[in-house]
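Notes follow the structure.
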Amino acid sequence: MKKSMIIFLMMLGVHSFGQVEMDSARVNDLKNFEFGGLYRSAVSANFSGVTGLIGGTYDVLLSKNWAFEVGGGFPGMGVGFTCFPWSVERGKERFHIAHRSVFFFGPWEPNKYQHALCFGITFFGQKRWNWGIDLGPVYEHSTSSFEYLDNNNPNSPFNLMLNFKAGYRFSFKAMRYNKKNP
C-alpha cells in the first residue's frame, strides 16, 4: 500500500511538472504579441481628440515608442500618431507627444480640418486598462483652402485641443493563438 501511494504521488508530481512547463511555454508564446508587457491593440472611449467631441478610437502600438490611432464620433473623424520618448511598459505612466488630424463635419458650422500637436501622459494599467490625457495647440482650416480659419475667435489665431481617452488593450494574434491552442 505504501509503495503504490509513493508511485501514485510520483506520477502526479511528474504530470504536474509537465503541466507547468506547458503553461510557461504558452506564456512565452503569448509574449511575442506584446510590447513591454502590453498588447498592441486597444479600443478606447474618447472625449475630443481624433473623434471630434465624443466617440471611439482604435489604437495600435507600432513599436515600444510609437502608436497609431484612428477614430470617429460626433462630429468628426481623424487619425493620429503618438511618440513615447521612453518605451511603453505595463503598470507605468509615460509622457507622450501626439500629432492629430481631425475632419469636422458639424451641422452648425462649415466642414473643417484641425491639426494639433499635443503633449500629455498615458497610464498603462496592470490589467490591460489604459487612459491618457493631453493638450496642445491647434491649426484649423477649411476643406477648400489651407488658410487659417478664425471663425471661433477672430482676435487670436490660437486654439487648444484637449484629449481624454480611456481604453482596453487586447491582441488579435493572441486571440487567434488561444483559439487554435485551447
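Summary table
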{"read-out": "Qualifying residue in region 139-162 (condition: of a type in the set (A, V, I, L, M, F, W, C), within 22 Å of Ser63 (Cβ to Cβ), modelled with pLDDT of 75 or more and surrounded by 14 or more Cβ atoms within 10 Å (Cβ to Cβ))", "value": "no"}
{"read-out": "Scope region 78-100; condition touching a Pro at 6+ places or on another chain (Cβ under 9 Å) and buried (at least 19 other Cβ atoms within 10 Å of the Cβ); matching residues", "value": "Arg94, His96"}
{"read-out": "When residues of region 59-77 are limited to those that are aliphatic (A, V, I, L, M) and more than 25 Å from Asn111 (Cα to Cα), the one surrounded by the fewest Cβ atoms within 10 Å (Cβ to Cβ)", "value": "Leu62"}
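To keep it simple, each residue is scored yes or no on (1) touching a strand residue (DSSP E or B) at 6+ places or on another chain (Cβ under 7 Å); (2) modelled with pLDDT under 60; (3) closer than 14 Å to Gly125 by Cα; (4) part of a helix (DSSP H, G or I).
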{"residue": "Glu21", "(1), (2), (3), (4)": "no, yes, no, yes"}
{"residue": "Ser24", "(1), (2), (3), (4)": "no, yes, no, yes"}
{"residue": "Asn28", "(1), (2), (3), (4)": "no, yes, no, yes"}
{"residue": "Ala42", "(1), (2), (3), (4)": "yes, no, yes, no"}
{"residue": "Ala45", "(1), (2), (3), (4)": "yes, no, no, no"}
{"residue": "Ile54", "(1), (2), (3), (4)": "yes, no, no, no"}
{"residue": "Thr57", "(1), (2), (3), (4)": "yes, no, no, no"}
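The values are calculated or read from the model by the stated rules, or taken from the named source; none is laboratory data. Only a predicted model underlies this, so the values are computations on that prediction, with no experimental measurement involved. Methodologically, a virtual Cβ is constructed for each residue, glycine included, from the backbone with ideal geometry; neighbour enumeration extends over all protein chains shown.
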